[in-house]
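In what follows, a structure is listed as structure tokens, so that the remarks can point back to it.
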């Protein structure tokens, strides 16, 4: 009797496990992750809620890529895209990841959008053996979640030092202030990067202030920063709070350069900050003045489809979908997640809207970065 029960328990466990991994069966399973000449991808982003400007840009980039791929007569596998809106909520990101893998049986997922969402939902993808490909996940430790976690988002440990170095070459600053969101995983990570970097450079951090996502009044923190009289101000926050910080700082008469991280990389930052955004600096793989054929095509196609210029988030999401599709076609599978993962990790010589790209051994991006500065209401190369 005990032997029979053990056997039944093993069968039930196997069935449950098969349900979790249903999207990643062998290459003969037509019901999972696509059928025949179709590959099913999930796309988890936040195109409503507090991060909507980032998420909508990503959605526009992904939708453009899917449209182009599916209309290309040379396409081997057309894309069946399933999109999920997390509203920038970690619980929603977890639920979306579970649904994508367990119910919709996708081959891979682009997303979630932010580092906090990836820290929450990424382990589900890793445990299930399904690739989760982040395009806005810049915090330290993202790819440490496991070998199925990828990103083309530039880690803060790469972007911030380049921005600081370029700014230091031009301004020769010695005293710095840091202002960061302490309830945002990405921004806490950026704060640590700034702290370690300035210690290494021998800079004097004269003020180190915090705020929270969705705060609207930064008078107290900026008063302390003003009293400390730094040469530059470094902000780690999303575009909404960062724009309000820039406006208030300028209103108070502080005209120091403002150095930002990935949260600044949206036209919404400039739109909300207005003239106060002028002088802000950030590193990005996206150069809106790039004249490469891939970048020019993307800009023209994006403007034709949506009626406005693309930003970094649109470009990276667009490139990520092309990378994922390229990996599926090179792997020759719409169902084998392990084969897809291995092929994606090994891609070399890819060139997209953001330039030449490949993954390093930790599945982080290897690519050139440009430091941009806001000048007359536009992001332009910093010189």
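The values are calculated or read from the model by the stated rules, or taken from the named source; none is laboratory data. Quantities reported herein were computed from a predicted structural model and do not represent experimental measurements. Ideal geometry is used to build each Cβ from the backbone, glycine not excepted, and the neighbour counts take in all protein chains shown.
Select from the range 256-285 the residues that are free of Cβ contacts under 8 Å to residues at least 40 places away in the same chain, more than 16 Å from the chain's Cα centre (by Cα) and within 13 Å of residue 160 (Cβ to Cβ) and list them in ascending order.
Once the filter is applied, which keeps residues that are free of Cβ contacts under 8 Å to residues at least 40 places away in the same chain, more than 16 Å from the chain's Cα centre (by Cα) and within 13 Å of residue 160 (Cβ to Cβ), the range 256-285 yields nothing.
Of (1) more than 21 Å from residue 69 (Cβ to Cβ); (2) under 21 Å from the mean Cα position of the chain (by Cα); (3) free of Cβ contacts under 8 Å to residues at least 24 places away in the same chain, residue 307 satisfies all except one. Which?
Going through (1) more than 21 Å from residue 69 (Cβ to Cβ); (2) under 21 Å from the mean Cα position of the chain (by Cα); (3) free of Cβ contacts under 8 Å to residues at least 24 places away in the same chain one by one, residue 307 breaks only (2).
So the check is Cβ under 7 Å with 6+ separation or different chains; which pairs have a first residue in the range 111-132 that's surrounded by fewer than 24 Cβ atoms within 10 Å (Cβ to Cβ) and a second one that's modelled with pLDDT of 95 or more and part of a loop (DSSP other than H, G, I, E, B)?
As it stands, the answer is 126/146; 126/148; 129/148, since those pairs meet every condition given.
I'd like the residue in the range 284-307 that is touching a helix residue (DSSP H, G or I) at 6+ places or on another chain (Cβ under 7 Å) and modelled with pLDDT of 95 or more and, out of all such residues, is surrounded by the fewest Cβ atoms within 10 Å (Cβ to Cβ).
By that ranking, first place goes to 305.
Determine which single condition residue 54 fails, assuming it passes every other condition in (1) under 22 Å from residue 337 (Cβ atoms); (2) touching a residue at least 60 places away in the same chain (Cβ under 8 Å); (3) in contact with a helix residue (DSSP H, G or I) (Cβ under 6 Å, 6 or more places away or on another chain).
That leaves (1) as the condition not met.
Taking the condition touching a strand residue (DSSP E or B) at 6+ places or on another chain (Cβ under 8 Å) and either on the phi < 0 side of the Ramachandran plot or not assigned by TED's automatic domain parsing to the domain that holds residue 65 (or both), does residue 283 pass?
Yes: the conditions hold for residue 283.
Return the only residue of 205, 176, 188 being buried (at least 17 other Cβ atoms within 10 Å of the Cβ) and in a strand (DSSP E or B).
176
Residue 177 - would you say it is in contact with a helix residue (DSSP H, G or I) (Cβ under 8 Å, 6 or more places away or on another chain), in the same structural domain as residue 208 (by TED's automatic domain parsing), farther than 21 Å from residue 328 by Cβ and modelled with pLDDT of 95 or more? First the steps, then the outcome.
On the way: in contact with a helix residue (DSSP H, G or I) (Cβ under 8 Å, 6 or more places away or on another chain): yes; in the same structural domain as residue 208 (by TED's automatic domain parsing): yes; farther than 21 Å from residue 328 by Cβ: yes; modelled with pLDDT of 95 or more: yes.
Judged against the criteria, residue 177 is a match.
Those residues that are surrounded by fewer than 24 Cβ atoms within 10 Å (Cβ to Cβ) and under 17 Å from the mean Cα position of the chain (by Cα), I need them from the range 93-106; list them, please.
The one that is surrounded by fewer than 24 Cβ atoms within 10 Å (Cβ to Cβ) and under 17 Å from the mean Cα position of the chain (by Cα): 94.
Given the criterion modelled with pLDDT of 95 or more and under 19 Å from residue 43 (Cβ atoms), identify the matching residue among 130, 188, 164. First the steps, then the outcome.
Details: 188 fails: under 19 Å from residue 43 (Cβ atoms); 164 fails: under 19 Å from residue 43 (Cβ atoms).
After ruling out the rest, the residue left standing is 130.
Filter the range 50-100 down to the residues that are touching a strand residue (DSSP E or B) at 6+ places or on another chain (Cβ under 9 Å), farther than 26 Å from residue 326 by Cβ and part of a helix (DSSP H, G or I) and list them by number.
Those that are touching a strand residue (DSSP E or B) at 6+ places or on another chain (Cβ under 9 Å), farther than 26 Å from residue 326 by Cβ and part of a helix (DSSP H, G or I): 92, 95.
Quick check on residue 214: is it out of contact with any helix residue (DSSP H, G or I) (no Cβ under 6 Å at 6 or more places or on another chain), part of a loop (DSSP other than H, G, I, E, B) and surrounded by fewer than 17 Cβ atoms within 10 Å (Cβ to Cβ)?
Yes; evaluated as a whole, the condition is true for this residue.
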